[in-house]
Amino acid sequence: MPFGAESTDTGATRFRLWAPSARTVEVELSTSRTRRAVAMQCSGGWHEAIVKRAPAGTRYTFRIDGGLSAPDPASRCNPDDIHASSAVVDPCDFDWPDGAWRGRPWEEAVLYELHVGTFTPEGTFLALIDRLDYLVDLGVSAIELMPVADFPGTRNWGYDGVLAFAPDAAYGTPNDLKRLIAAAHMRGLMVILDVVYNHFGPEGNYLHAYAQEFFNREHQTPWGAAINFDGIDAQEVRRFYIENALYWLEEYSLDGLRLDAVHAIVDESEPDIVMAIACAIRAGPGRERHIHLILENDSNQSRYLARDPQGHPVAASAQWNDDVHHVLHILLTGETDGYYADYAERPLWYLGRVLAEGFAYQGEPSPYRGGVPRGETSTALPPAAFVAFLQTHDQVGNRAFGERISALASEHALRAATACVLLAPAPPMLFMGEEFAASAPFLFFCEFGPELAEAVTRGRRAEFARFAEFADPATQARIPDPNDIATFNASKLDWRELDDPRHRSCLDFYRTLLALRSRIIAPRLAGMQHGGSFRVAGDRALFVRWTLGDASELHLLANLSAEICPEVTPPPGEQIFAVSSNAGAALVNGELQPWSVAWFLKAQRG
């Protein structure tokens, strides 16, 4: 790796820092017995020193111009948080037991998003290992970790990370993360990591002090000057993030990355940084094993999701399809404020469109965005390009009180919507605890220094003040304080709920659907070249049809309302699953019952 501390063939350690704004840099080293400073040689903005006695475990910082001491921005480990010394890590000091692992094809993907700190009582990488068998039994094939890059304090969603190469010490050591990944692979589970390349967190970023060229002030973002992907000296910045992506995939044997909010990345170069990262992955670890790149992209740009003539992704495997969540949320809760307004007029039609074609808006003007066109045509893309879900950390945690969809919708409605998501061809994703209707909220939490903490608390409450229900200051004061440890603890899953019959029933329902997907749907997905077709009958019945990769036909018939839908003709094929609010058949004498979903498969006869 060209950045940070790297062992050499001679046993020495090479330290490198890109600090074009600094005149002089020293690397300050300390072990349990010694402390010393070594001057670094400068060439072209790079400062380098090769030190003979700096074994794994040696603590080090970079002293800038004889003053500021800062951690390594490419630190592999910062044991005492982001402001303290970095530690030298030997990346070969782990014996991978899963050398034959080559990942899994994307059509087998069933994702499970989780936050390491709140998934278990302990909140560590090692504690998570004890829950892997549960996830296998549930029927997921990939865990998607929210960001683990070192962030301020001991608790954070992860999107405030400032040391992009260092797993946060609150979760464990680098080798602990490797043990988790190896254990997942031994069980056939992929591991995908969420990474943040659009901004740094508000505390602990020292790059401004010695690498002002890391930012491009001509582009402003919600977090200040944009990361410099297209200005002067952008080459080294781009290299930093390309190396980071390859680092996680190669050094940690991860199976993929999810790039957070690429719509917030400002890059006018060609290829842009998203495409550059995708190309590096395809040309690197992607040549030898299944590697999956997932995007979050509010701009809904289908160009990143293109397939080659054989149907393989050219860049990204898929993107999170927020449109699926939005239309289902409206149908389940009736909420139509904010961005939900874009789908409120005909949510069932939009549901058909997102299930069959991908994006709800494919260049049409978005009322929520003031009539600005949104999205690109997605009809030529297969369902595999769109990750579907009922909830995520964003959609739960960005509510003032962190309510999950199970706290907002009826059980009948929720089961019908779940059946739509889990059996459709698009790869589904669950948010941790969703499968047993966890009662714990997922709140916004962090641990900043006192001054910043107060500003974050005020800002969080002011953010909701524009909504009528939070106009009262007393109501605003009830919004949990992000910096209070009680807010963090309240977000932890309560696994004792699995002993409760209601939660167990929900879990059994998810297991049934995912087993059906694994047995009947997933084996037929490889080779799908395009999406499906849909129609809405009246204002209640939705019909969606797909031709699967083996030329069989999959049909969805759904009534996501509380009223009976009359005069419904079932689609062709064998009914493989049905769920209804009245515990009876979904279709009775040509009437589609309230909150009913039926799936039909017309197999291709050989």
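Every condition in (1) under 15 Å from Y197 (Cα atoms); (2) touching a Gly at 6+ places or on another chain (Cβ under 7 Å); (3) assigned to a loop (DSSP other than H, G, I, E, B) holds for L246 except the one numbered (3). In the stretch 336-349 there is no residue matching the filter, namely being hydroxyl-bearing (S, T, Y), surrounded by fewer than 24 Cβ atoms within 10 Å (Cβ to Cβ), in contact with a Gly (Cβ under 9 Å, 6 or more places away or on another chain) and assigned to a loop (DSSP other than H, G, I, E, B).
Residue under question is L557, and the condition is that it be in the same structural domain as D137 (by TED's automatic domain parsing) and closer than 19 Å to A419 by Cβ; does it hold? Working first, answer last.
On the way: in the same structural domain as D137 (by TED's automatic domain parsing): no; closer than 19 Å to A419 by Cβ: yes.
Considered against the rule, which asks whether it is in the same structural domain as D137 (by TED's automatic domain parsing) and closer than 19 Å to A419 by Cβ, L557 comes out as no.
Inspect all residues belonging to the stretch 130-138 and state whether any of them is modelled with pLDDT of 95 or more, surrounded by fewer than 20 Cβ atoms within 10 Å (Cβ to Cβ) and basic (K, R). Scanning the stretch 130-138, I find at least one residue that is modelled with pLDDT of 95 or more, surrounded by fewer than 20 Cβ atoms within 10 Å (Cβ to Cβ) and basic (K, R), so the answer is yes. Here the condition is being in contact with a Leu (Cβ under 6 Å, 6 or more places away or on another chain) and not charged (D, E, K, R); of V597, V568, it holds for V568 alone.
Those residues that are among the charged types (D, E, K, R) and surrounded by fewer than 13 Cβ atoms within 10 Å (Cβ to Cβ), I need them from the stretch 39-57; list them, please.
Those that are among the charged types (D, E, K, R) and surrounded by fewer than 13 Cβ atoms within 10 Å (Cβ to Cβ): K52, R53.
For A583, the conditions (1) in a loop (DSSP other than H, G, I, E, B); (2) touching a Ser or Thr at 6+ places or on another chain (Cβ under 7 Å); (3) not acidic (D, E) are fulfilled apart from (2).
This table checks each residue for (1) crowded, with 22+ Cβ neighbours inside 10 Å; (2) modelled with pLDDT of 95 or more.
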| site | (1), (2) |
| --- | --- |
| T377 | no, yes |
| R399 | no, no |
| I405 | yes, yes |
| A416 | yes, yes |
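Exactly one of these conditions fails for A127: (1) free of Cβ contacts under 8 Å to residues at least 12 places away in the same chain; (2) more than 26 Å from P428 (Cα to Cα). Give me its number. If we test A127 against (1) free of Cβ contacts under 8 Å to residues at least 12 places away in the same chain; (2) more than 26 Å from P428 (Cα to Cα), just (2) comes out false.
The residues of the stretch 179-213 that are free of Cβ contacts under 8 Å to residues at least 60 places away in the same chain and over 30 Å from L138 (Cα atoms), listed by number, are F200, G201, N205, H208.
A residue that is among the small types (G, A, S), touching a strand residue (DSSP E or B) at 6+ places or on another chain (Cβ under 7 Å) and under 23 Å from M429 (Cα atoms) cannot be found anywhere in the stretch 114-123.
Take Y60 and tell me if it is surrounded by 18 or more Cβ atoms within 10 Å (Cβ to Cβ), assigned to a strand (DSSP E or B) and touching a Ser or Thr at 6+ places or on another chain (Cβ under 8 Å). In short, yes.
For the stretch 258-277, the criterion of being surrounded by fewer than 21 Cβ atoms within 10 Å (Cβ to Cβ) and on the phi > 0 side of the Ramachandran plot is met by at least one residue. Checked against the criterion of being in the same structural domain as V421 (by TED's automatic domain parsing) and in contact with a Gly (Cβ under 9 Å, 6 or more places away or on another chain), the candidates S439, S505 yield just one match: S439.
Could you list, in sequence order, the residues of the stretch 160-190 that are outside any strand (DSSP E or B), more than 17 Å from F119 (Cα to Cα) and out of contact with any Leu (no Cβ under 9 Å at 6 or more places or on another chain)? Passing the criteria: D160, G161, T173, P174, N175, K178, A182, H185, G188.
Let me confirm something: among R496, R504, which residue is out of contact with any Leu (no Cβ under 9 Å at 6 or more places or on another chain), in a helix (DSSP H, G or I) and closer than 30 Å to R415 by Cα? Checking each option against the conditions leaves just R496.
The residue pairs whose first member lies in the stretch 465-494 and is surrounded by 15 or more Cβ atoms within 10 Å (Cβ to Cβ), whose second member is among the basic types (K, R), and whose beta carbons are closer than 7 Å, counting only pairs six or more residues apart or on different chains, are Q476/R461; I479/R460; I479/R461; P482/R460; F488/R155. Note on the stretch 93-124: residues that are free of Cβ contacts under 8 Å to residues at least 60 places away in the same chain and either loosely packed, with under 15 Cβ neighbours inside 10 Å or under 26 Å from A384 (Cβ atoms) (or both) amount to 3.
Do we find a residue being more than 21 Å from the chain's Cα centre (by Cα), basic (K, R) and in the same structural domain as T487 (by TED's automatic domain parsing) anywhere in the stretch 153-174? No, the stretch 153-174 contains no residue that is more than 21 Å from the chain's Cα centre (by Cα), basic (K, R) and in the same structural domain as T487 (by TED's automatic domain parsing).
The values are calculated or read from the model by the stated rules, or taken from the named source; none is laboratory data. Here the structure is a predicted model, which means the values were calculated and not measured. No Cβ is skipped: glycine too gets one built from the backbone with ideal geometry, and neighbour counts run over all protein chains shown.
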